[in-house]
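The values are calculated or read from the model by the stated rules, or taken from the named source; none is laboratory data. If you're wondering where the values come from, they're calculated on a predicted model, not measured in any experiment. Cβ: placed from backbone, ideal geometry, glycine included. Neighbour counts: every protein chain shown. With ligands, DNA and RNA removed, areas are computed over all heavy atoms of the protein, side chains included. Shrake-Rupley method; radii C 1.70, N 1.55, O 1.52, S 1.80 Å.
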Amino acid sequence: MDTLLTADVAASSANFRRRSSTYVDAIHDLPEKESMAPAQLYSTESGRLFHSGRIVIATVGLPARGKTHISVALARYLRWLGVKTHIFHLGDYRRSYIGEQGEVPEDYFFVNASAPTVLLRNKILKKCREDIMHFLDHENGQIAIYDAVNPLATGRRALAKEFEKQNVQTLYIESHCTDEKIIEENVRSVKISSPDYQGWQPEDAVQDYLKRINARIPHFETMEESELHYAKMVNAGQRVIVNNCAFGYLSQRIVFYLLNLHIKSRQTYFCRAGTTREEDSYKADASLSAEGQDYAHKMGDALLAHRESERRNLIQHGAPETTALKPLTIWTSTRRRTVETSEYLAGLGYRVRQRSQMSQLNPGVCEKMSERRIRAMFPEEVAKHEQDPYHHRYPRAESYHDLAVRLEPIILELEREQNDLLIIAHESVLRVLYGYLMACSATDIPNLQFPRDEIIEIIPASYNNSATRIHIQGLAPMMVPGSPEDIRIPVPPSAMGSGAVSPMSGLGTPAGAGNMTPETRDGAGGLPLRKQALGPPSVSVSVDAKAQT
Amino acid sequence: MPPTPTSAPQAGQEQQQPQQAPQQISQDGLQPAGQYRPNLSQAPQGDFMRPTARTRARSRSANGVGVQVEDTRICVVMVGLPARGKSLIAQKVVRYLGWLSITAKCFNVGSYRRTNTPQPSASFFDFTNKEGERLRKAAAEAAVTDMIKWFKSPNNIIAILDATNSTKSRRRWIKDRCDSEGIETLFVESKCDDEDLIMANIKEVKTTSPDYQGQDPEEAAKDFRERIRMYERVYETLDEDEEDMTYCKIIDVGSQVIVNRIQDYLQSRVVYYLMNLHIKPRSIWISRHGESMYNLSGQIGGDADLSARGQQYAKMLPELVSKSAGDRPLTVWTSTLKRTAQTAKYLPYEKLSWKALDELDSGVCDGLTYAEIEKEYPQDFKARDADKYNYRYLGGESYRDVVIRLEPIIMELERSENILIVTHQAVLRCIYAYFMGTQQEQSPWMEVPLHTLIRLTPRAYMTEEERYRADVPAVSTWREKGSKAVHAEGTPAGTPDLRGMVK
């Protein structure tokens, strides 16, 4: 297997535009039907926003500089804003041309490559660029991200000219590292997991990998072309040089996002707050109950045990005994119950930050009302909500869209954070953050489920994120599903797990969730976070599905 | 200072407000469908980017559970030789942040210095002049001290220190002062070596500066050029020695920008705004659509056609625009609603239609008259008067919501040159408020008559406004606070006014 190829995942897939599983994010899927993106402020008929025209974002940089990571992160953010974006990894095309078993010619990246190699190279480039133009011309695409090395100034000038002829702007994004440590760490975390390096000492593997890159791509010129539009990220975003980029709203917005991005990978964990003492309301900022305190302990212990087993796992795979995970930081909202849920871990020395933007969706008039009561009292509102649960606001309430727009600073801080991160927040907030990280559509987000007995772990990878769940053992069954803190906003019957009209919300939580083990991975035996009911909206079917798990 | 937003959906605040709607429900029991009339006056807002300042005030009492809220206070330190547009940038940032409900204030060291030395000559700025040096340092000291005092108030988030700050030692001193107070620093350098640009700036701004009041402009310009030379001798640009600092270096008005060590979201947001600015002279023309059929019947919202008089305005608009704009190249922006497109129909320029320029969505009240709203939703009607900026129509939008969706428009406006916007009353008020720095409690009540073209010209210290009224009568859609507001036949619009400016 060619270790120069970044997107190993794609190698096994003949079709790049495949459908994701429920636990792998949808960033490489093209949404089938047009729908408003989570934070989209308005829609247009063409699907193109901001009158910014069409843009190709082309990456520049040697392997292991985080190009794919930047491409994917950018696509995630742009889609979230509602800009129709797709990523074209040149590596995918190379793989598909050369085939599983084929060898990339040794001189593939050489300037003075042999004639057959040049021919092969041009063929691959041509196919990729044709697909880009097809996406922009015929699929209402607005931004195509072209993920490739683009090592030479002449090539970059020619590419920009070629796209300009088609009335497409080219924005280059270079990831440039002067700090060897960053490169080595990136190689260690992303590249050497390949089978080529099975049984190698990590240090040797890193050095070998770097040597091979340098031998195979001997010519590389960093961007200095003052007439081109480019943003150069130096040392994982510590410094950004922005050249001639003021050509459109989106180009500036992209630079804004890059200012918050770094290329180091880290884990994100999501969990709910504990339950509170009294029959609680949104307005009362109540303290945790005894069960809630118990939950805080058990959740903390489960998380730490999981992290320790991860560490052991690394050591087993050849990492030195002294290996440490990234430090863990905790974010809570400013609500008492989330802060108190973090106290146990804070007591163990973990750093906690309160973020006021992370307070839950305001339930408005639905507060403290049973679902039946809401249905009886506001049948029209319920009907509207079922039409569009993402954008509809109950009287005095916030919609998920409002929440998503309010969470934008958190999303960017999430990208900025370098430590592992535990987010303790209300389910509504977790839904939106999860939706961003996993590229969920706006229609899916209101139906995501976060039962209290699970910590959701988002595992980043440069190609796509995936989610796993860590079971919290020994919780009282009654606190796992709905809790008094839940907003009893009815969701469409199709997405309701157990009966269309239920006085208790949260019964939509998969009943079988409690049987999961910490080892459950990849959704193999797990219940998807996205409800099965997204298929045919039949309540009985989804109940049956649960009974089987 | 912007009013305290009543929006953040936070515990303490919610508790203070009597929430009538749920109580009302419990008294009335189950109501038949469609009868429910909630009080929407305090509908929660999606807080766009307001950081954690509010919790700072409350954290100790409201959830004093031992973990401190971390919040952001940023001192934006301007760096650059005189006549590089620093004050212009500083003022724009303050206005932009205020528009987004973030409290910001500019501290101009020059005005502190002026209290002791109102009209210094160039030699005052000679760095070998010990007395001048001492006085300038004292002014900086006073400005920084005042700024730190200002930051004690929990709502104050961004301060801008407007001075040349041309030496490394001065910048290091500011950073140390701020560090010790827990205030982040963001240095913003405007570096420009284009002589023409500098001289244009000197002529436009500096000769009208208080330093040169009552002096001969030619002499003043000469003296000022001399002053710049004094600074040039000791000027040190931000460079490798200051790698540890957070800075943004804008070279030749944004053709290249170097951004170093941005620490948080809010800083990146400020830098993002700075990158969109330019200083080329330009104007923005704004107009409401011509009178529509809904205006005549007094209905709000909708997507109605123009009335006959509205059509007449559309036909006159090209002449009205060219009187003001001459033969400057212009781009016309309209909303996606029929009445703006019809109004712009005869304009001989490139046109773009923006969904973001559509009128404030009045939800269930769309298509009603104010009288009908008052009759059917009396509580809403009152609530809207009480806090019009934050009031969100049931199923619709508030002014605050409109500001959020206009943010891309504002960024695009900052980037663009001459633009003519044909839009709607509420949207126009928000855009106008951005350029004129109008307070949130006033902006929703501003009177913007139909059939009037407004020209806004951004200058260094203010935005100039001119109004041109077309000689086409129209109803007045302006409703005074507390009034019933029938759309009345507007009298003043009847006066012939193409000849001159109203204001």
**Report entry** Evaluated over the stretch B:74-276, the Cα radius of gyration and Dmax, each in Å
**Finding:** 16.4, 47
Query raised in the report: Given the stretch B:136-234 reduced to its alpha-carbon atoms as identical point scatterers, what log10 I(q)/I(0) does the Debye formula return at q = 0.14, 0.21, 0.23 Å⁻¹?
Result: -0.70, -1.13, -1.21
**Report entry** Full-stretch length increase - A:LYS126, A:GLU103 - with 0.36 nm per residue and alpha-carbon distance subtracted
**Finding:** 6.3 nm
Requested in this report: In whole angstrom, note down how far apart the Cα centers of the stretch B:418-488 and the stretch A:61-111 are.
Outcome: 50 Å
Query raised in the report: Mind listing the Cα extents of the stretch B:284-494 along all three principal axes, in Å, largest one first?
Result: 50, 37, 28
Query - Pair B:THR167, B:ALA386: separation of 7 Å Cα→Cβ label points (nm) - result: 5.8 nm
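I want the local charge near A:ILE241. Using Cβ-Cβ distances under 11 Å, sum +1 for each Lys or Arg and -1 for each Asp or Glu among the other residues.
+1
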Requested in this report: Treating cross-link reach as a plain straight distance, find the lysines whose alpha-carbon is under 17 Å from the alpha-carbon of B:LYS105, omitting any fewer than eight places away in the same chain.
Outcome: B:LYS86, B:LYS92, B:LYS149, B:LYS152
Requested in this report: Would you please give the residues with an amide H less than 5 Å from that of A:THR329, counting only those at least 5 places away or on a separate chain, with H modeled from the backbone geometry?
Outcome: A:ASP420, A:LEU421, A:LEU422
Requested in this report: Could I have the simple spin-label model distance between B:THR457 and B:ASP303, label points 7 Å from Cα toward Cβ, reported in nm to one decimal?
Outcome: 3.8 nm
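What number comes out for the charge environment of B:ILE258, summing +1 per Lys or Arg and -1 per Asp or Glu over other residues with Cβ under 13 Å away?
My count for the surroundings of B:ILE258 gives -1.
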Query raised in the report: Which ³J(HN,Hα) values in Hz, rounded to whole numbers, follow from the phi angles of the stretch B:240-251 under the Karplus curve 6.51 cos²θ - 1.76 cosθ + 1.60, where θ = phi - 60° and Gly and Pro get x?
Result: 4, 4, 10, 3, 6, 8, 8, 8, 9, 10, 9, 9
Query raised in the report: At a probe radius of 1.4 Å, what is the per-residue accessible area of A:LYS232, in Å² to the nearest 10?
Result: 20 Å²
Query raised in the report: Using the alpha-carbon centroid of each, what span in Å lies between the stretch A:252-272 and the stretch A:304-377?
Result: 18 Å
Query - Residue-wise HN-Hα coupling along the stretch B:209-220, computed from phi with Karplus coefficients 6.51, -1.76, 1.60 (Hz; x: Gly, Pro) - result: 5, x, 4, 10, 4, x, 9, 5, x, 4, 4, 4
Report summary line: The ³J(HN,Hα) series, computed from each phi in the stretch B:411-427 with the Karplus coefficients 6.51, -1.76 and 1.60 at θ = phi - 60°, rounded to the nearest Hz and given as x for glycine or proline, is 4, 5, 4, 5, 6, 7, 9, 7, 10, 10, 10, 10, 8, 10, 3, 5, 5
Report summary line: Note: B:LYS375 to B:ASP239 extended length (0.36 nm per residue) minus current alpha-carbon separation gives 42.4 nm
Requested in this report: Check the straight Cα-Cα distances from B:LYS222 and name the aspartates and glutamates below 20 Å, setting aside those fewer than 8 residues away within the same chain.
Outcome: B:ASP126, B:ASP193, B:ASP194, B:GLU195, B:ASP196, B:GLU204, B:ASP211, B:GLU232
Report task. Between A:LEU314 and B:ASN155, take the C-beta separation as r, use R0 = 56 Å, and let me know the FRET efficiency to the nearest 0.05. Result -> 0.75
Requested in this report: Can you check what the net charge comes to around B:TRP478, using other residues whose Cβ is under 12 Å from the Cβ of B:TRP478 (Lys, Arg +1; Asp, Glu -1)?
Outcome: +2
Query raised in the report: Does the stretch A:212-366 come out rounded, prolate or oblate by the C-alpha gyration tensor, with a ≥ b ≥ c the root eigenvalues, rounded set by a/c under 1.5 and, if not, prolate when a/b is larger than b/c and oblate if not?
Result: oblate
Query raised in the report: Reachable lysines from B:LYS345, Cα under 28 Å, same-chain residues fewer than 8 places away excluded?
Result: B:LYS315, B:LYS323, B:LYS355, B:LYS503
Report task. Show the residues, 5+ positions off or on another chain, whose built amide H is closer than 5 Å to the amide H of B:TRP333. Result -> B:LEU352, B:LEU420, B:ILE421, B:VAL422
Query - Interface size B-A, as summed buried accessible area [1.4 Å probe, Å², nearest 100] - result: 6000 Å²
Requested in this report: Express the accessible area of the stretch A:193-345 per residue in Å², computed with a 1.4 Å probe while the remaining protein chains stay in the model.
Outcome: 38 Å²
Query raised in the report: Going down the list A:LYS368/B:LYS382; A:LYS67/A:LYS161; A:LYS126/A:LYS232; A:LYS127/A:LYS326, which pairs span over 30 Å between their C-alpha atoms?
Result: A:LYS127/A:LYS326
Query - Inter-label distance, nm, simple model (7 Å from Cα along the C-beta direction), A:GLN166/B:ASP252 - result: 3.1 nm
**Report entry** Cα point-scatterer Debye curve for the stretch A:104-243, base-10 log of I(q)/I(0) at q = 0.13, 0.16 Å⁻¹
**Finding:** -0.75, -1.08
Report summary line: Restricting to Cα pairs under 8 Å and 6 or more apart, the percent relative contact order of the stretch B:284-494 works out to 28 percent
Report summary line: Under 5 Å from the placed amide H of B:THR185, counting only residues 5+ away or on other chains, we find B:CYS75
